[in-house]
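Input: a single structure, listed below in structure tokens.
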Amino acid sequence: MFGFGKNENEIKADIASGASSLSAVYVSETGLVRTDNQDNVLFSIGHRVFCVADGVGGVADGAHASEIVCREVRMMMQVAEPDFSSRLIAIRNALADANEVIYGLSADARMGSTAAVLLFDPDDVTRAGVVWVGDSRIYRIRHGMPMLLTRDHRLADKNLLTRAVGASASVVSDARKVDVQKGDRFVLCTDGVHGVLSDGRIGVLAAAGSIENAADRL
């Protein structure tokens, strides 16, 4: 699983705890177009949940919005019921809570964030769930072939988001359950990755070698 964002100390703590057999790594790059990085990531192996959020708005506002998304998901996972269905509902509630907070901070509704959340079923290793808002994506890589598990909330011809957390008074997240097989890899990424690489290229880069090397190549 690859996530792109921040919060390195939290990631290292989760990995060091040996909370589960999941392997995970992330990479964050500012890129070649903008001088700032508005991405944040929640990376919790213990809760088997991963979230990538990409801020929308000014430099500070966008980064703050994506931080709020990850914070609300993290807080909700700490109090959610342990069963899989309840935790999926909790994630959607967390995004609704984040929407309320961000919208309240942005009088002109220009501050917001995407969100792409992957949750593994703690009781069934063959099942996971994805929840998303905006155009951050989740791919499943199986036998080198990528499958896009999310659908962008964006106007295809104008590169304009049709949904974002905090951009309006309410937000509706999409969710689905997906099957998991041994050896599957999952890529969580912002448009800084999928806007540059084709789905096929993402699959090739994500499938080869260790996940650390694959993340670096991506």
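The values are calculated or read from the model by the stated rules, or taken from the named source; none is laboratory data. What you see is a predicted model; the values in this text were computed from it and never measured. Every residue, glycine as well, gets a Cβ built from its backbone with ideal geometry; the counts of neighbours run over all protein chains shown.
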Among residues of region 80-109, those that are in contact (Cβ under 8 Å) with a residue 24 or more places away in the chain and outside any helix (DSSP H, G or I), counted = 4
When the residues of region 74-118 are filtered to those that are more than 15 Å from the chain's Cα centre (by Cα) and basic (Lys, Arg), which remaining residue is nearest to Asp39 (Cα to Cα)?
-> Arg110
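For (1) at pLDDT 95 or above; (2) crowded, with 20+ Cβ neighbours inside 10 Å; (3) hydroxyl-bearing (Ser, Thr, Tyr), each residue gets a yes or a no:
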{"site": "Asn93", "(1), (2), (3)": "yes, no, no"}
{"site": "Ala96", "(1), (2), (3)": "yes, no, no"}
{"site": "Leu105", "(1), (2), (3)": "no, no, no"}
{"site": "Val117", "(1), (2), (3)": "yes, yes, no"}
{"site": "Trp132", "(1), (2), (3)": "yes, yes, no"}
{"site": "Leu155", "(1), (2), (3)": "no, no, no"}
{"site": "Ser173", "(1), (2), (3)": "yes, yes, yes"}
{"site": "Thr190", "(1), (2), (3)": "no, yes, yes"}
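At least 2 residues that are more than 15 Å from Val130 (Cβ to Cβ) and touching a strand residue (DSSP E or B) at 6+ places or on another chain (Cβ under 6 Å) in each: list the helices (runs of 4 or more DSSP H) lying fully within region 145-218 that qualify. Show your work before the answer.
Values: elements: 191-194, 199-207, 211-217.
Helices (runs of 4 or more DSSP H) meeting the threshold: 199-207, 211-217.
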